[in-house]
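To start, the structure under review is shown below, and the notes come after it.
Every number here is computed from the coordinates shown, using simple stated rules; none is lab data. This one's a predicted model, so the numbers in the text were calculated from it and none came from an experiment. Please note: Cβ atoms are built from the backbone with ideal geometry, for glycine as well, and neighbour counts cover all protein chains shown.
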Amino acid sequence: MKIRYILPVALAFTSFANAVKLHHVIVRKGTDGLDMVPLTISNAGKEGLSCNADFAHWYSAGIATVEAGKSARVELWFDAKTGTFTILNDKRENLPVERLWCGLSGRAYATRVQITLEPTDAAKGARAVSCGVEQDTLVCR
């Protein structure tokens, strides 16, 4: 019964500010040491596509919208030293790509399919995929 009173008082005097230590992070900018690997996404289906990149488990962004019968080009950059693909933001900061995926517009997350990236894509100098609906499922090859 005493713990019920002591614990809240102890927590009240604990400094939660020390619970998280922030570190300065240097963000790589520009394309020095990186190889461009353009990604072309073609929409062979009858519905629009919404394509996205996950940059961290908590951050993602749209990278392309592709109407039916059209294609979009996304500039990817590859760091051969780390094996990392990146996309540059508007400040030319490198955003390491964890995952790329496309889905049908308006329900992209529910219909999403992952687009794989391999170091061999960088060796070829480009990556191209064509997406379309097969047996009620979006497929990108």
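Apply 1/(1 + (r/R0)^6) to the Cβ-Cβ distance of Arg107 and Lys29, taking R0 = 35 Å, and write down the FRET efficiency to the nearest 0.05.
According to the calculation, E is roughly 0.50.
Amide H to amide H, which residues 5 or more places from Val37 or on other chains are under 5 Å from it, using H placed in the peptide plane?
Those lying under 5 Å, H to H, from Val37 are Leu76, Trp77, Phe78.
Given DSSP loops and a limit of at most 13 other Cβ atoms within 10 Å, what is the longest stretch of the chain that contains no such chymotrypsin sites (Phe, Trp or Tyr not before Pro)?
59-108
Fewest Cβ neighbours within 10 Å first, please rank Ser130, Ser50 accordingly.
Listing Ser130, Ser50 from fewest to most nearby Cβ atoms yields Ser130, Ser50.
Restricting to Cα pairs below 8 Å that are 6+ residues apart, what does the relative contact order work out to for the chain? Please round to a whole percent.
In percent, rounded to a whole number, it is 26.
Answer with a single label: of [x] 70, 41, 25; [y] 55, 50, 30; [z] 40, 33, 29, which was calculated as Cα extents along the principal axes in Å from the structure in view?
Here the calculated entry is [x].
Just to check I understand the Karplus step: with θ = phi - 60° and J = 6.51 cos²θ - 1.76 cosθ + 1.60, what whole-Hz values come out for region 60-67, glycine and proline as x?
The phi angles translate into 9, 8, x, 10, 6, 10, 10, 6 Hz.
How do Leu100, Leu88, Leu34 line up, fewest other C-beta atoms within 10 Å first?
Least to most surrounded, the residues fall as Leu88, Leu34, Leu100.
So for each of 115-125, 35-45 I average, over its residues, the number of other beta carbons within 10 Å; can you give me the resulting order with the highest mean first?
Result, highest mean first: 35-45, 115-125.
Please work out how many pairs of lysine residues in region 2-140 are eight or more positions apart (or on different chains) and have Cα atoms closer than 20 angstrom.
4
Multiply the residue separation of Thr40 and Val139 by 0.36 nm, subtract the distance between their alpha-carbon atoms, and state the gained length in nm to one decimal.
Length gained, Thr40 through Val139: 34.1 nm.
Mind pulling the angle between the C-alpha long axis of helix 2-12 and the longest principal axis of the chain? Nearest 10 degrees, somewhere in 0 to 90.
Its long axis makes an angle of about 60 degrees.
Just to verify a number: FRET efficiency for Ala128 and Leu22, C-beta to C-beta distance, R0 = 41 Å, to 0.05?
Computed FRET efficiency for Ala128 and Leu22: 0.50.
What is the distance, in nm, between label points placed 7 Å from the Cα along the Cα-to-Cβ direction at Glu118 and at Lys81?
2.6
Could you pull out every residue, at least 5 positions away or on a different chain, whose amide H is within less than 5 Å of the one on Thr84? Hs are placed 1.01 Å off N in the peptide plane, and Pro or chain starts have none.
Those qualifying (amide H under 5 Å, at least 5 residues apart or on another chain) are Asp79.
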